[in-house]
Each structure stands twice: as C-alpha cells, then as structure tokens.
Amino acid sequence: MTARGMWWLLASAMICAGHPAAAVDGLSLDYRDVKFRMATPGINAADTKKIGAALAGVSSTAVRALGSEPVVLGEARGTMGKTGPADFYLLSGKPPVAIEPFPDAPAQVILAIREGQSIKTYVLPKEVQYSRIVGAVDMDEDGLSEVLLEASAMNTGEIHTSVSAIRLEARNTARPVQTLADVYLDTCEAPHGEKARSAKMVRLQGAELTGEATAERCS
C-alpha cells in the first residue's frame with residue numbers, strides 16, 4: 001500500500017471511527033434504534049495500521065482491483081475454527097451508493113486477520129455492494145463465523161435495507177447463505193402506494209436470522 005493510501009485509511013478512521021460490530025451468542029441488531037441504523041462504519045487508528053500492514057503483503061487480484069485506497073466499511077470480531085478469534089473487515093473500492101441498483105465497481109473483499117497476524121481474504125459476489133459489517137456469528141456451529149453484511153437500496157422515495165449472512169469458503173470466496181429482507185423499510189416519500197416505515201430487531205434463532213417488523217410513523 002502506498003503512503004498516500006495509508007494516509008487515506010488513517011483519515012477515514014479518524015473521521016468515522018467506530019466500534020467492532022457485535023459477534024457470537026446473543027446476537028441482536030436493533031434497526032429500531034435510529035443511532036444504530038444511521039451509524040457510519042469506521043475503524044480506529046490501531047486497526048488502520050493493522051489493515052495497512054496486512055494489505056501490503058497480499059497479492060490477490062481482487063484486492064489489487066480495489067486500488068491503493070480501499071474503503072474500510074467497518075469490522076466485526078468472530079472465530080476462524082481451530083485458529084481461534086479473528087477480526088473481519090469489509091473492503092470496498094469506493095463507498096457504496098444505495099441509488100445504484102447495478103453498481104459498476106470491483107467485487108468487495110472480506111479481510112480476516114487472525115491472532116498471530118495470519119491473513120486471509122474472501123471475495124464477495126460482484127452483483128451486490130454491501131454498505132457495512134454489522135456482526136459475525138457462527139450460525140451453523142462449524143467453528144467458522146458467518147459475517148453479517150448490510151445492504152441498502154433506494155429508489156423513487158423508497159428505502160429497503162437487508163442483512164445477509166455470508167459464508168467464508170475454502171477457495172477464498174464468500175457467498176450469502178441467508179438474506180433477511182427489509183430489516184428497515186421506508187416508503188414514506190414514495191409518490192405512489194402505501195406510506196409506511198418499519199424496523200426489525202434481528203436475532204439468531206437456531207441457525208437462521210429472524211426479525212419481526214415494528215411499525216413506525218411517517219413524519
């Protein structure tokens with residue numbers, strides 16, 4: 001990574017510094033909480049330095065496609081099998097834009113840094129540009145966390161936000177195994193149809209994400 005790229009990562013962390021997303025048992029993602037659903041993904045200075053060092057040693061084509069200044073869309077702490085705890089980061093070539101249903105951007109990458117600085121990268125399907133990491137949880141109890149990613153779409157006054165559980169695969173790829181739609185839904189500004197707003201408390205029940213919508217007033 002170039003010095004300019006490292007500076008950009010540090011600046012991003014200082015502006016948007018956040019906290020690791022929730023992981024493991026007792027998972028709850030409360031989209032009824034305005035602060036949670038409006039939070040900007042970010043990382044702290046220590047993680048910025050760790051990510052920069054990690055990427056400097058990665059020769060992956062997918063990572064190179066993100067450029068020298070990848071956007072870091074948050075982090076989550078989970079597990080990587082027998083190797084134990086790991087930190088997961090979502091890397092993007094540019095910030096995702098909700099009004100672009102067919103984004104022209106490189107495939108995003110999940111970076112996993114295990115204790116002892118062992119590094120792995122996983123390439124996500126190019127068709128979706130996720131907006132942030134919101135958690136990591138071992139849904140199928142195989143010792144490897146599924147990474148929970150949020151995506152939002154906006155069109156003609158409607159906002160639809162979903163959460164996908166992403167499975168990390170052996171060949172350095174990652175794929176969604178479950179998507180919970182409309183964890184946040186807002187059609188209050190839509191020119192036609194029903195005006196409604198709702199949000200879900202997302203929980204892990206068995207091996208699936210679940211959530212019951214709570215209605216909110218348009219205002």
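The values are calculated or read from the model by the stated rules, or taken from the named source; none is laboratory data. Values in this document were obtained by computation on a predicted structure and should not be read as measured data. All Cβ positions, even for glycine, are placed from backbone atoms using ideal geometry, and neighbour counts span all protein chains on display. Heads up: the accessible areas ignore ligands, DNA and RNA and are worked out on the full protein's heavy atoms, side chains in. Shrake-Rupley method; radii C 1.70, N 1.55, O 1.52, S 1.80 Å.
Brief remarks follow.
- Screening Ala207, Ala174, Ala165, Ala199 for residues that are over 21 Å from Met38 (Cα atoms), surrounded by 20 or more Cβ atoms within 10 Å (Cβ to Cβ), of a type in the set (Gly, Ala, Ser) and under 20 Å from the mean Cα position of the chain (by Cα) leaves exactly one candidate, Ala174.
For every residue, the table says whether it meets (1) within 19 Å of Asp182 (Cβ to Cβ); (2) open to solvent by less than 10 Å² (accessible area, probe 1.4 Å); (3) touching a helix residue (DSSP H, G or I) at 6+ places or on another chain (Cβ under 8 Å).
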| position | (1), (2), (3) |
| --- | --- |
| Ala54 | no, yes, no |
| Thr61 | no, no, no |
| Pro96 | yes, no, no |
| Gln108 | no, yes, no |
| Gln129 | yes, no, no |
| Gly135 | yes, yes, no |
| Met154 | yes, no, no |
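- In segment 177-189, the residues that are open to solvent by 10 Å² or more (accessible area, probe 1.4 Å) and farther than 14 Å from Tyr122 by Cβ: Gln178, Thr179, Leu180, Ala181, Asp182, Tyr184, Leu185, Asp186, Thr187, Cys188, Glu189
- Only one entry in Lys49, Lys82 is modelled with pLDDT under 85, more than 16 Å from Gln129 (Cβ to Cβ) and surrounded by fewer than 20 Cβ atoms within 10 Å (Cβ to Cβ), namely Lys82.
- Filter pass, Gly42 being under 15 Å from the mean Cα position of the chain (by Cα) and either closer than 30 Å to Val183 by Cα or not in a strand (DSSP E or B) (or both): yes
- Hits in segment 173-211 - residues which are in a strand (DSSP E or B) and of a type in the set (A, V, I, L, M): Ala174, Val177, Leu180, Ala181, Val183, Leu185, Ala199, Met201, Val202, Leu204, Leu209
- Counting the residues of segment 26-35 that are surrounded by 13 or more Cβ atoms within 10 Å (Cβ to Cβ) and either modelled with pLDDT of 95 or more or over 19 Å from Val147 (Cβ atoms) (or both) gives 4.
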